[in-house]
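Asks: This structure is in structure tokens; I'll ask about it shortly.
The values are calculated or read from the model by the stated rules, or taken from the named source; none is laboratory data. Every value quoted in this text rests on a predicted model; they were computed, and no experiment measured them. Here Cβ is always computed from backbone atoms with ideal geometry, including for glycine, and neighbour counts include all displayed protein chains. All accessible areas refer to the heavy atoms of the entire protein, side chains included, with ligands and DNA or RNA removed. Shrake-Rupley method; radii C 1.70, N 1.55, O 1.52, S 1.80 Å.
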Amino acid sequence: MKIAVCVSHVPDTAAKINIGSDGKSIDQNGVTFVVNPYDEFAIEEALKTKEKFGGETVAISLGGDANKETLRKALAMGIDNAVLLKDEGYRDSGSVAKALADEIRQQGTELVFFGKQSVDFDNSVIGQMTSELLGYNCVSVAVSFSLEGTSVKCEREIEGGKEVVETTLPAVITAQKGLNEPRYASLKGIMAAKKKEIAEKSPSPAANYAEIVGMKKPASKQAGKIVGTDSSAVPELVRLLREEAKVI
Amino acid sequence: MANKYLVFIEQRNGAVKKSSYEAASAAAELASKVSGTVEGIAIGNDIEGLQKFGISKIHHFKNADLLNYSPSAYTEIISKFFNENGFDSLFFGATAMGKDLAPRTAVHIDAGLAIDCVALNIAENEIIATRPVFAGKALIDLKITSPKKVFALRPNVFNANASSGSAEISLHEVQSPNLKVKVTELKKSEGKLDVAEADIIVSGGRGMKGPEHFKLVEELADVLGAACGASRAAVDAGWRPHGEQVGQTGKTVSPNLYVALGISGAIQHLAGMRSSKYIVAVNKDKDAPIFQIADYGIVGDLFEVVPAMINEIKKIKS
Ligand SMILES: Cc1cc2nc3c(=O)[nH]c(=O)nc-3n(C[C@H](O)[C@H](O)[C@H](O)COP(=O)(O)OP(=O)(O)OC[C@H]3O[C@@H](n4cnc5c(N)ncnc54)[C@H](O)[C@@H]3O)c2cc1C
Ligand SMILES: Nc1ncnc2c1ncn2[C@@H]1O[C@H](COP(=O)(O)O)[C@@H](O)[C@H]1O
């Protein structure tokens, strides 16, 4: 079986975010980029599935040369091949999904793992969109995945519990934390990944359906009131919650 | 542009979600500014509370197999209805179901998408959607440039003032829905209130010192009618289930009141709860970053402060 995993290259979650001079994007100075945390769960699930059923794995990323770093990480963890769809410009999520869908179609993979969300624009939509473009079945926000023949069974996280979802291949699964424990890349894996070739392709062009017209920092909240330093402050705290905030 | 809006009304087990009233109200407010119209679409078997919507008409697509969510069937029904009736914008609550459906339907109706919106405004007759990015460290204003548009609205942010209306219900029987992907079972987490849906949340972190002390979190949550949450440190230690984790890799919440007990306020935790309306922190470290976003704080030992809070709230509630 051919298995694909789509990975994005994003600012470290601890990075300080400043708005760039165009007022529409972030200032990348001093920002460290990493593989999207959710995509590590996707990579791990692709590797586990290959270990169980055999086959070949490919990691796909759309973006600039910097994304090669994330693709190398996927290779170091054990993914067989990597493809960079090279495009530096702004693409909205629909346009990213179209490029990914075209590449997946060409690769002929019938099982594709995504992260549930890219922690840059926090969209959580590309997996679902790509599946619809491909006509594949899709389970998003999966915390468990099992495959038997062509039958897929997943649990997905919802408010107040989980849904058990059943479907069949070809399928797209988007990974939520809890799906697995991503492995660390071994030294051997890291060395091997350095020597591997990353295929570079031009993604298919697609129109943007949305445009960022402004970016701003959230209104900084005034640090609040320290009501006290021990339990004697509790009656005052409760009074404030009742009379000032009116939340209890 | 006709400004013909369609709102998806989500039900689980036959009960309508609060976030759907919020989405309907937000859509109605926008429509009033551009002389547009709003209708609703609901999918399921028996659904209670539909007529309470303050919008003119709700289309109920009914089938016994659609009691549970089916991504494939729901996507098909919504997209087809949208396309055949000349709508131009589609609204969802950005719930687990809404976030799954919005991107799927956007593809089918060939629309641009703004997900997890926290504000919607009209500028030059166009809807401008504001949404948090980079874990809430920035906000973007997004303009959808395609003729058709999909918006998903973050729950608990928009006012629900349309819950006492009298919508006309039009029933559509669904013949053989597309069940290629279907939910075969719902596993509820012990019937407790979920952080994603609660008006008040009490969360505990590493400062709770161990799973046994979460009794305190639960008790305070109990007297407040709140849901229990946790930091990743508490979840990773195995003290609490992942479903309770608030933050970047957990759930994003915007309750009226968020109480953080023994939580330092790491950036990834703040990502999930900074849009709460009021934040209370109890932490013994006066320099803990949580105090920078808390409205009210007590710098002290939670093992002394929390029991006093439980008592005081019990007293005023009785
Ligand atoms: C990619 C990534 C994703 C992440 N996602 C999340 C996420 O979704 N959610 C999340 O929460 N974290 C997340 N984190 C982890 C985050 O960085 C912090 O490590 C975590 O939030 C810390 O949890 P904590 O505040 O409970 O623990 P700590 O930071 O250890 O804080 C414990 C606090 O308790 C206080 N305390 C101790 N004893 C007492 C007492 N007796 N009385 C009062 N106060 C006391 C201490 O002063 C301290 O401030 C993520 C990290 C990464 C790298
Ligand atoms: N530029 C990209 N290249 C490859 N995969 C991506 C890209 N952007 C997003 N993805 C995938 O889509 C998932 C969801 O992203 P998003 O919908 O942007 O939050 C991510 O976890 C990745 O698996």
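Asks: Taking only region A:1-26 into account, find how many residues are outside any strand (DSSP E or B), within 16 Å of ligand 1 (Cβ to nearest atom) and either within 21 Å of A:SER131 (Cα to Cα) or open to solvent by less than 20 Å² (accessible area, probe 1.4 Å) (or both).
Replies: 4
Asks: Which of the residues spanning region B:293-303 are more than 22 Å from B:ASP199 (Cα to Cα) and more than 9 Å from ligand 1 (Cβ to nearest atom)?
Replies: None - no residue of region B:293-303 is more than 22 Å from B:ASP199 (Cα to Cα) and more than 9 Å from ligand 1 (Cβ to nearest atom), so the list stays empty.
Asks: Let me ask something else. Which ones in region A:122-148 are closer than 23 Å to B:CYS117 by Cβ and within 16 Å of ligand 1 (Cβ to nearest atom)?
Replies: Within region A:122-148, A:ASP122, A:SER124, A:VAL141 qualify.
Asks: Are there any pairs with C-beta distances below 9 angstrom linking a residue in region B:192-211 that is more than 14 Å from B:ALA260 (Cα to Cα) and within 14 Å of ligand 1 (Cβ to nearest atom) to a residue that is hydrophobic (A, V, I, L, M, F, W, C) and not in a helix (DSSP H, G or I), with the two at least 6 apart or on different chains, and if so which?
Replies: B:ALA196/A:ILE158; B:ALA196/B:ALA227; B:ALA196/B:VAL253; B:GLY210/B:ALA237; B:GLY210/B:TRP239; B:PRO211/B:ALA237; B:PRO211/B:TRP239
Asks: Kindly indicate which of B:GLY297, B:GLY265, B:GLY272 is assigned to a loop (DSSP other than H, G, I, E, B), open to solvent by less than 10 Å² (accessible area, probe 1.4 Å) and not basic (Lys, Arg).
Replies: Matching residue, one of B:GLY297, B:GLY265, B:GLY272: B:GLY265.
Asks: Pick from B:VAL306, B:VAL280, B:VAL259: which is in a strand (DSSP E or B), over 17 Å from B:ALA233 (Cα atoms) and either more than 9 Å from ligand 1 (Cβ to nearest atom) or touching a residue at least 12 places away in the same chain (Cβ under 8 Å) (or both)?
Replies: Just one listed residue meets the conditions, B:VAL280.
Asks: Ok, one more. So if I check each of A:SER151, A:SER204, A:SER146, which one is surrounded by fewer than 18 Cβ atoms within 10 Å (Cβ to Cβ), at pLDDT below 95 and among the small types (Gly, Ala, Ser)?
Replies: On inspection, the qualifying residue turns out to be A:SER204.
Asks: Related question: Could you check, for region A:176-196, whether at least one of its residues is open to solvent by less than 30 Å² (accessible area, probe 1.4 Å), over 20 Å from A:PHE114 (Cα atoms), facing chain B (nearest Cβ under 8 Å) and of a type in the set (A, V, I, L, M, F, W, C)?
Replies: no
Asks: For a quick check of your reading: which strands (runs of 3 or more DSSP E) sit entirely within region A:66-151 and have at least 3 residues that are over 16 Å from B:PRO103 (Cβ atoms) and within 11 Å of ligand 2 (Cβ to nearest atom)?
Replies: Numbers: elements: A:81-86, A:111-115, A:137-148.
Where strands (runs of 3 or more DSSP E) fall fully within region A:66-151 and carry at least 3 residues being over 16 Å from B:PRO103 (Cβ atoms) and within 11 Å of ligand 2 (Cβ to nearest atom), they are A:81-86.
Asks: Something else: Return yes when A:GLU40 is within 14 Å of chain B (Cβ to nearest Cβ) and crowded, with 20+ Cβ neighbours inside 10 Å and no when it is not.
Replies: yes
Asks: Restricting the search to region B:113-144, which residues are in contact with a helix residue (DSSP H, G or I) (Cβ under 7 Å, 6 or more places away or on another chain) and at the interface with chain A (Cβ under 9 Å from one of its Cβ atoms)?
Replies: B:LEU113, B:ILE115, B:ALA135, B:GLY136
Asks: If you don't mind, another one. Please go through region B:126-143 and give me each residue that is out of contact with any Lys or Arg (no Cβ under 9 Å at 6 or more places or on another chain) and open to solvent by 20 Å² or more (accessible area, probe 1.4 Å), ordered by number.
Replies: Of everything in region B:126-143, just one residue is out of contact with any Lys or Arg (no Cβ under 9 Å at 6 or more places or on another chain) and open to solvent by 20 Å² or more (accessible area, probe 1.4 Å), namely B:LYS143.
Asks: Return the residues of region A:212-224 that are within 7 Å of another protein chain (Cβ to nearest Cβ), surrounded by fewer than 15 Cβ atoms within 10 Å (Cβ to Cβ) and modelled with pLDDT under 95; say none if nothing qualifies.
Replies: Within region A:212-224, A:LYS217, A:PRO218, A:LYS221, A:ALA223 qualify.
Asks: Take the residues in region B:44-54 that are open to solvent by less than 10 Å² (accessible area, probe 1.4 Å) and at pLDDT 85 or above, then tell me which one is nearest to B:SER20 (Cα to Cα).
Replies: By that ranking, first place goes to B:LEU50.
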